[in-house]
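A short worksheet on the structure shown next.
Read-outs: derived from the displayed coordinates by stated rules, not from any lab. As the structure is a computational prediction, the values presented were derived from the model and not from experiment. Reconstructed Cβ throughout: ideal geometry from the backbone, glycine too, with neighbour counts over all protein chains shown.
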Amino acid sequence: MREVNERIESLDREAEDSGAIPEESTFGFRCECGRDNGCTEVVWMTLAEYEVVRRQDDRFVLAPGHEDEELEQIVARNDRFLIVDKIAAAEPYVADDPRGRTSQ
């Protein structure tokens with residue numbers, strides 16, 4: 001889902017930069033919970049909120065209720081989404097970041 005969200009972010013940023021939509025618009029991103037058959041839940045975020053998630057490669061955006069306390073800790077939450085950080089033991093299973101960022 002990370003690569004899908006990166007493409008969504010790119011297209012949304014182009015629209016925002018062109019002035020076609022207001023800067024603080026929210027966009028639908030896919031939940032990055034990693035459930036077995038993939039998650040179809042959509043979380044609504046501004047591009048600035050999405051960038052907060054992407055500052056670290058082991059942080060993910062999830063729909064509320066999709067967190068797994070055995071694998072991640074919640075670092076931020078609101079009524080639209082959660083931001084989680086993978087615990088150290090789970091980090092080797094996190095795919096490489098499309099932006100090449102590392103854990104902090």
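Sorting the segments 19-31, 39-51 by their mean number of nearby beta carbons within 10 angstrom, highest to lowest, gives 39-51, 19-31.
Under 5 Å between amide hydrogens, built in the peptide plane, is the criterion, and for Phe27 it picks out Met45, Thr46 among residues at least 5 positions away or on other chains.
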